[in-house]
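Following: one structure in structure tokens, then a few remarks.
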Amino acid sequence: MAEKDPIKVCVTGAAGQIAYSLLYQVAKGQVFGDDQPIILTLLDIPPMMPVLQGVVMELDDCAFSLLREVIPTSDEAVAFKDIDAAMLVGAMPRREGMERKDLLAANVKIFKSQGKSLDANAKKTVKVVVVGNPANTNALICKKYAPSIPAENFSCLTRLDQNRAKAQIAGRVGVTIDSVKNVIIWGNHSSTQFPDVSHGTVSVKGTAVPVSEAVKDDNWIKNEFIKTVQQRGAAVIKARKLSSAMSAAKATGDHMRDWFKGTPQGEYTSMGIVSDGSYGIEAGLVYSFPVTIDKSGKYTIVQGLEVDTFAREKMDATANELKQEMTTALEVCSD
Ligand code: NAX
């Protein structure tokens, strides 16, 4: 069979720790398919170019069969030229004494610039996932400054939170990870996110039962479970003295693979996407929803899930945080 044409994939923050794990998966064929040749563009800031050269050397030394070309650069226009997929990982890290607001101000400016450059350089079909924090609001700004690219092509990563939630349930029930399905992350990739298992199932001895039936402890689900998932990033930092990297990279690969290849039959996944007003969430916010994705890469928000008072409160709290972030970000960007 004739070889497929290569697709062009950009990873930003390419000299950083998430990219170090992510690039391996992409180049190995674990994201876009093991028959899909890849051209990689790698963006980082000028002071990181020597480090990035080292990453390029390692990519060479991996001798990946699918990797056709690697383009390291500190120029957004080069990095985004004719790309099919963008994994926007690069962002300014939070420094000591920095408030969340300061971090947001610094990072939304990066995503304003990258949005404009994507608009000017990328294919109009490009699929963009923002990983750099504050991921939802960065994605919103990136989309705003790339008006010629459809809004549904912009997303942010909440798959890591979903993977964390699945792992907690699987561990608690004592089943394999793939036995747990349809766990949802609603809202912001922050500690206000709402990990929701009320529509999820666990396969026990071949039969799918609701998560609550398998766990048999609603108090744990409503309290400890939610808190553990919300605080997992901080717990990893405390233990590792570095933020999540391997798991964040795996989740970014999972997100893009499902977006390009589709979700498995009967399953949904969570993605931060531009709200269309579903579930009463203000249209225009980048909010994590459960979606199904077809084989052509088109996603649809899962409709008709029952939302009880407990869930409503949590879904609104995280939406309110996103509204505040949006207001601040728009102020910063109007400078
Ligand atoms: P690192 O600090 O290791 O790497 C970030 C890289 O981005 C650095 O090489 C830096 O030079 C580069 N960078 C900075 N500004 C840039 C710009 N304007 N253009 C291109 N590159 C730029 O961080 P890492 O651990 O890789 O994390 C990257 C981002 O992911 C952070 O913002 C982090 O908060 C965020 N995370 C998001 C997660 C999510 O689930 N959405 C989870 C993991 C992670 O915390």
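Taking L140 as the residue in question, decide whether it is part of a helix (DSSP H, G or I), open to solvent by less than 10 Å² (accessible area, probe 1.4 Å) and aliphatic (A, V, I, L, M). Judged against the criteria, L140 is not a match.
For D119, the conditions (1) surrounded by fewer than 24 Cβ atoms within 10 Å (Cβ to Cβ); (2) near the ligand (Cβ under 9 Å from one of its atoms) all hold with the exception of (2). Filtering region 51-90 to residues that are buried (at least 17 other Cβ atoms within 10 Å of the Cβ), under 30 Å from S296 (Cα atoms) and among the aliphatic types (A, V, I, L, M) leaves L59, L66, L67, V70, A79, I83, A85, A86, M87, L88, V89. With respect to the conditions (1) within 13 Å of the ligand (Cβ to nearest atom); (2) β-branched (V, I, T); (3) under 22 Å from I273 (Cα atoms); (4) not in a strand (DSSP E or B), T125 falls short on a single one, namely (1). Those strands (runs of 3 or more DSSP E) of region 241-335 in which 3 or more residues are hydrophobic (A, V, I, L, M, F, W, C) and modelled with pLDDT of 95 or more occupy 269-274, 286-293. In region 303-319, of all residues being among the β-branched types (V, I, T) and over 18 Å from the mean Cα position of the chain (by Cα), the one that is surrounded by the most Cβ atoms within 10 Å (Cβ to Cβ) corresponds to V307. Residues that are under 20 Å from L118 (Cβ atoms) and over 16 Å from the mean Cα position of the chain (by Cα) within region 16-35 comprise just one, G16.
Let's see how each residue does on (1) more than 19 Å from W186 (Cα to Cα); (2) basic (K, R); (3) in contact with a Phe, Trp or Tyr (Cβ under 9 Å, 6 or more places away or on another chain):
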position	(1), (2), (3)
F260	yes, no, yes
Q265	yes, no, no
S270	no, no, yes
S278	no, no, yes
I281	no, no, yes
P290	no, no, yes
G297	yes, no, yes
V307	no, no, yes
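For the subset of region 279-296 comprising residues that are surrounded by fewer than 15 Cβ atoms within 10 Å (Cβ to Cβ) and not aliphatic (A, V, I, L, M), which member is farthest from K144 (Cα to Cα)? Ranking the candidates gives K295 first.
Of the residues making up region 1-29, those that are among the hydroxyl-bearing types (S, T, Y) and either surrounded by fewer than 24 Cβ atoms within 10 Å (Cβ to Cβ) or farther than 16 Å from L52 by Cα (or both) are Y20, S21, Y24. Considering region 171-219, the qualifying strands (runs of 3 or more DSSP E), each wholly inside and each with 2 or more residues that are surrounded by 19 or more Cβ atoms within 10 Å (Cβ to Cβ), run over 184-186, 194-196, 201-204.
Once region 26-51 is narrowed to residues that are aliphatic (A, V, I, L, M) and touching a helix residue (DSSP H, G or I) at 6+ places or on another chain (Cβ under 9 Å), the residue that is farthest from D75 (Cα to Cα) is V31. Scanning region 241-248 turns up no residue that is farther than 19 Å from L88 by Cβ, open to solvent by less than 60 Å² (accessible area, probe 1.4 Å) and among the aliphatic types (A, V, I, L, M).
So that you can scan it fast, the table gives a plain yes or no per residue for (1) at pLDDT 95 or above; (2) in contact with a strand residue (DSSP E or B) (Cβ under 7 Å, 6 or more places away or on another chain):
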residue: V9; (1), (2): yes, yes
residue: L22; (1), (2): yes, yes
residue: V26; (1), (2): yes, yes
residue: L40; (1), (2): yes, yes
residue: I45; (1), (2): yes, no
residue: M48; (1), (2): yes, no
residue: V70; (1), (2): yes, yes
residue: F80; (1), (2): yes, yes
residue: P93; (1), (2): no, no
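The values are calculated or read from the model by the stated rules, or taken from the named source; none is laboratory data. Here the structure is a predicted model, which is why all the values come from computation and not from measurement. Virtual Cβ from ideal backbone geometry, glycine too; neighbours counted across all protein chains shown. Accessible surface areas use protein heavy atoms only, side chains included; no ligands, DNA or RNA. Shrake-Rupley method; radii C 1.70, N 1.55, O 1.52, S 1.80 Å.
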